[in-house]
Every structure is written in C-alpha cells, then in structure tokens.
Amino acid sequence: MAGFQKNLWAPWRMEYIAGLGPHADGGCFLCQVITKPEEDEQHGVLWRSAQTLTLLNLFPYNSGHVLIAPLAHRAQPEDLSDDELLALMQRTRDVKRVLEAALNAQGFNIGINLGRCAGAGLPDHLHVHVVPRWSGDVNFMAVLGDVKVIPQSLAEVRRLFLAKAAALGLQA
C-alpha cells in the first residue's frame, strides 16, 4: 500500500519539545529544579548534595534513566572545579550501584552529551546520563515499530531507588 504511514500519537512529548527552546524566565530546567527543593517529588529528584543534583529523567530512554548535574550552571567539564568534577563522578558511581541493585540492571550506558550536535537537549548545563540496560531490552517494538516501551512509572522507579539507596547506606 503506497503512501501508507503509521502514526504514533505521543502528546506528552510536546512538553519535552517545547522545553528545548529558551525558557520564559531565561533559565534552564536543572537550575529551576535546584532552586525548588519543595518540588523534589514531582521533579523526580533522588538526591541533593553540596555540589550535585540527582534526578530521574522525566523523558527517559529506559526505566531508571537518571541525570546527575553539578549545582553550578556550567556547560563543559573544564568549567568545573576539581572538587565539582570529583563529586559528579562519585555520584555517578553511587547511582550505578543503586540502579544495579534496585532494578537488576545488567549493564549501563553512562555518558555526557556536549553540544546540541552531540545530542545535548540542554547544552548549557552539563549533566551525566546513567541509563540502565538489560539483555533483550531492545525488542520487536523498537525494531519494527520504532517505539520504545518504558515498563515502569517514574514514581515506582523513584520509590525503588530511594529504598535501595537507604538499604545500601547511600545518601546525598
């Protein structure tokens, strides 16, 4: 059937797309979350420390997709102090450990996208992505339908993460 096109309606994605442009107040979403600790639950914040913010990606690639950002609004690794860079990597290590235990993750994609052309949706505030992976997590939906299925709610992942972090003695 020539010209047939399948549509996948995902109106929730508009919030993400709209968020890629400049914010009305000129700030970035990470800085906005940093300044509103009273809204941590709705923003999926997992941990706050003296130098980092750790939160669930509200538009995840996979269940348990976490972002770790320095509190300082900096675009490049070289813009961070040695202490900030160390804190960012230590938090990345801790997040990986908790996700491995809480979600039985079998592998991870961990990285930083620097610049829009490298995939950074927020190029001005450096952040680390920690994405848990499992054998077979790419299934027919992704291969045939170009659709990714996220099997857990953000609230459930947050609950599991915080419980396992406490059990492991890891806190912000």
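Rule-based calculations on the coordinates, nothing more; no lab input. The structure presented is a predicted model; accordingly, all values stated were derived computationally and were not measured. Every residue, glycine among them, receives a Cβ derived from its backbone with ideal geometry; neighbour counts consider all protein chains shown.
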Task: Inter-centroid distance (Cα atoms) of region 52-77 relative to region 96-116, Å - done: 11
Task: Amide H contacts under 5 Å for Ala120, placed H, 5+ residues apart - done: Gly115
Task: Partners for Lys148 among aspartates and glutamates (Cα-Cα distance below 12 Å; same-chain residues under 8 apart left out) - done: Asp137
Task: Full-stretch length increase - Met89, Ala72 - with 0.36 nm per residue and alpha-carbon distance subtracted - done: 4.6 nm
- [ ] Taking 7 Å along the Cα-to-C-beta vector as the label spot, tell me the Ala120-Ser49 distance in nanometres, rounded to one decimal.
- [x] 2.2
Task: Under Karplus coefficients 6.51, -1.76 and 1.60, residue-wise ³J(HN,Hα) of region 162-170 in Hz, glycine/proline x - done: 5, 5, 5, 4, 4, 4, 7, x, 9
